[in-house]
Amino acid sequence: MVYPRPVSTSDPSPSTQPAKPILRALDGEAVSPAPIWLMRQAGRYLAEYRALRESAPDFLTTCYTPDLATEITLQPIRRFGLDAAILFSDILVIPDALGQSVQFAKGEGPMLEPIGPGDVASLQPDRLAGHLAPVFETVGRVKAELDPKTTLIGFAGAPWTLAAYMAEGGGSKDFATARSWAAGDPESFQQLIDLLTGAVIDMLRHQLDAGADCVQLFDSWAGILSAADFETWCVRPAAAIVGALAQSHPGVPVIGFPRGAGYLYGTYVEKTGCAGLQIDHGVPLDQAARLQRNVTVQGNLDPVLLLAGGEAMTAQIRAIRGALGGGPHIFNLGHGVMPPTPPDHVAELVEVVRQADP
Ligand code: CP3
């Protein structure tokens, strides 16, 4: 299903114009200078996050403790005055809510009890709303604390990326277990994807009801799929999610992130009808500018340039502003902030993005 959306560069009338710069950009306006937020803007590169995590319980319990999750969500907003706060949580709270065992061991990344075709029927989508109630409470608390100009972004992992972690039992270079399940037994894999599509819709609706202004769908492992599988496991579920939210929450923008989609980013926009498209730093700026004719583009500074800082970073910020500043653009990285990044570099990034002349 496609929901066409006119892209305008002229200012909409003040009465209909949402005040939040990120929502204006998602509505198709070429906001100048582009609003900015960063994926993984809350996290280990901030001393105040490390200090809080030191005395806090394990990572998932931190996500389920509204006092802590609210504080962590707001830390980068206080420090840098970014245009959006993104809820502090994780994509893997969904498998945890469905009853699969999920653990984050210190310094190890996520570990799940892997599931296979015989386990789909035992997942429990009815548990989701109750299990994730503290996450929705965090959304409401953050919303109450934010300046009216700051956008609150909710999020979920997309069905394919969630299924990949659930089948593999953790991270992987190629997610061969998940991909061979999908290839060898597409019927049961489709059942898993359908169940996850419903769970993601449920999760995002609750976040929107609790006060999120828009949502981002993270398909971090879309780029390892063949073109045909990309259509089946990434595009179709995303189109269903965007369509369902358009019915329950008309006009609320969804930002899609099929990371690593390359030439297929355009297909994703066309077939899902997402209002915003997060692109990775592999996307050339001329391709990004063409995408911008149909969608608000979000991205795409290489997180390594943020780590390095200095002239390499500022030159690329200017190149991005030069290429995308004439259309609807939200400044972001191409992937998350890396843990060793000096916070001063983030402050400089925000300053350079907000300077009057690119
Ligand atoms: O962006 C934000 O600031 C909001 C919070 C957020 C986290 N994870 C916090 C987190 C968001 C939006 C995510 C998304 C997420 N989580 C994705 C999709 C985006 C991407 O990075 O591709 C994925 C694949 C995950 C799964 C996940 N969570 C992994 C693989 C890891 C371990 C690797 C790592 O970076 O530590 C996590 C842990 C995690 N999620 C941390 C944070 C702040 C680090 C936890 C800690 O040690 O304190």
| said: If I model a spin label as a point 7 Å beyond the Cα along the Cα-Cβ vector, how far apart are those points for Ala51 and His281 in nm? | reply: 2.9 nm
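Check the chain and count each lysine pair with an alpha-carbon distance under 28 angstrom, considering only pairs eight or more places apart or from different chains. All intermediate terms of the calculation are to be shown ahead of the outcome.
Values: Lys20/Lys143; Lys20/Lys149; Lys20/Lys271; Lys106/Lys173; Lys173/Lys271.
Lysine pair count for the chain: 5.
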| field | 3J(HN,Hα) from dihedral phi, the stretch 33-43, Karplus parametrisation 6.51/-1.76/1.60, rounded to Hz, x for glycine, proline | value | x, 4, x, 9, 8, 10, 4, 6, 5, 9, x
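Counting only heavy atoms of the protein chains, get the accessible area per residue of the stretch 42-184 (1.4 Å probe) and round it to a whole Å² value.
On the way: 5860 Å² over 143 residues.
Here the residues of the stretch 42-184 average 41 Å² of exposed surface.
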| said: What is the ratio of the Cα radius of gyration of the stretch 30-142 to 2.2 N^0.38 Å, with N the residue count, to two decimals? | reply: 1.22
| query | Sequence-distant or interchain residues sharing an amide H contact under 5 Å with Gly157, placed H: which? | reply | Phe218
| Once phi is turned into ³J(HN,Hα) by the Karplus curve 6.51 cos²θ - 1.76 cosθ + 1.60 with θ = phi - 60°, what whole-Hz value does each residue of the stretch 84-96 show in order, with x for glycine and proline? | 9, 9, 10, 2, 7, 6, 8, 5, 7, 5, 5, x, 4
| Residues with amide H under 5 Å of Ile86's amide H, sequence separation 5 or more or different chain, H placed in the peptide plane at 1.01 Å from N; which? | Ile153
| request: Output ³J(HN,Hα) for the stretch 339-354: one whole-Hz value per residue in order, computed from phi by the Karplus curve 6.51 cos²θ - 1.76 cosθ + 1.60 with θ = phi - 60°, and x for Gly and Pro. | output: x, x, 5, x, x, 4, 5, 5, 4, 5, 3, 4, 5, 5, 5, 8
| request: Would you pull out the residues with amide H under 5 Å of Ser172's amide H, same chain only if 5 or more places away, H placed 1.01 Å from N? | output: none
| query | Taking the simple approach of a point 7 Å from Cα along Cα-to-Cβ for both Ala308 and Ala227, what is their distance in nm? | reply | 3.3 nm
| note | Scaled by the rule-of-thumb 2.2 N^0.38 Å, the alpha carbon Rg for the chain gives a ratio of 0.94
| Residue-averaged 222 nm ellipticity for the chain, from DSSP H runs of 4+ at -39500 (n - 2.57), nearest 500 | -13500 deg cm²/dmol
| task | Find the eigenvalues of the gyration tensor of the Cα atoms of the stretch 206-261, then list the square roots of 5 times those eigenvalues as equivalent ellipsoid semi-axes, largest first, in whole angstrom. | result | 24, 12, 7
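The values are calculated or read from the model by the stated rules, or taken from the named source; none is laboratory data. Please read all numbers here as calculations on a predicted model, not as lab measurements. Cβ coordinates were reconstructed from backbone atoms using ideal geometry, including for glycine residues, and neighbour counts include every protein chain displayed. Each accessible area value is taken on the protein alone, full model and side chains, heavy atoms only, with ligands, DNA and RNA left out. Shrake-Rupley method; radii C 1.70, N 1.55, O 1.52, S 1.80 Å.
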